[in-house]
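Have a look at the structure below, then the notes.
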Amino acid sequence: MAPRLLAGSLLTFCLLAESCYGTVLFSTLQPTLVVSASPKEGEVLRAGDDKITVTWGMNQSFPVGTDEAYKQVKVKLCYAPISQQDRAWRKTNDDLSKDKTCQFQIIVRPYNSSSQQSFDWMIERDVPTATYFVRAYAYNSDGREVAFGQSTDGQKKTNLFDIQGISGRHASLDVAAGCFSAFSVLSLFGFLFLEKRKAKTSQKS
């Protein structure tokens, strides 16, 4: 009897824990934030060179108090569907703990209900070539996502922009290669000069 009671208690505890600390599904979040990004639709930006201005704030069409639990906002750069095709490492998942849509964090700030916030973000050098949009998540005091907003529509088809990643060799590598080549040439001339002197010395002796 005791083992059955223990098993039942453990099952109840696990169910309660899952309901309290279970994963957050994107489909359950309200789109209460208004988010915009400065790039025009179809614009091509360069990683490491260009900036994106992002703006976010509460959608005033929602009732007063909707954002009472919002404590923090995280703004992220996200892959558009066209850049997720055949790329499992960028796959969208309704379970936000497994979602790989938004892999680049732009800014984290305390939530401000009184006014819109903005931030100028220099595109980081490790951002790969792809098509993107911007999304913001609102978090509660437990650090769980409770709302969102994004710079595109629900189907993620509008207001998309491209980023051209850095490819090829870095400039510092070219400089290093040039220095190494120059050193190699000087070393070769030095070697030939010494060999020539040795040959002359041998002939005299």
Report whether or not Lys76 is closer than 26 Å to Glu41 by Cβ, outside any strand (DSSP E or B) and in contact with a Lys or Arg (Cβ under 7 Å, 6 or more places away or on another chain).
-> no
Residue within the stretch 83-106 that is modelled with pLDDT of 95 or more, closer than 26 Å to Gln117 by Cβ, more than 15 Å from the chain's Cα centre (by Cα) and surrounded by 11 or more Cβ atoms within 10 Å (Cβ to Cβ) present | no
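Yes/no per residue for (1) assigned to a loop (DSSP other than H, G, I, E, B); (2) in the same structural domain as Gln117 (by TED's automatic domain parsing); (3) among the β-branched types (Val, Ile, Thr):
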position: Val34; (1), (2), (3): no, yes, yes
position: Pro39; (1), (2), (3): yes, yes, no
position: Leu45; (1), (2), (3): no, yes, no
position: Val54; (1), (2), (3): no, yes, yes
position: Gly57; (1), (2), (3): no, yes, no
position: Val64; (1), (2), (3): yes, yes, yes
position: Asp67; (1), (2), (3): yes, yes, no
Filter the stretch 38-68 for residues that are among the aliphatic types (A, V, I, L, M) and in contact (Cβ under 8 Å) with a residue 24 or more places away in the chain; which is nearest to Val146 (Cα to Cα)?
-> Met58
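For residues in the stretch 23-40 being of a type outside the set (A, V, I, L, M, F, W, C) and surrounded by 12 or more Cβ atoms within 10 Å (Cβ to Cβ), which is farthest from Glu68 (Cα to Cα)?
It comes out as Pro39.
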May I ask you to list the residues in the stretch 108-161 that are assigned to a strand (DSSP E or B) and among the basic types (Lys, Arg)?
-> Arg109, Arg135
Selection status of Ser167, at pLDDT below 55 and out of contact with any strand residue (DSSP E or B) (no Cβ under 7 Å at 6 or more places or on another chain) = no
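The values are calculated or read from the model by the stated rules, or taken from the named source; none is laboratory data. All values derive from a computational prediction rather than experimental measurement. Note that we place each Cβ from the backbone using ideal geometry, even for glycine, and neighbour counts take in every protein chain shown.
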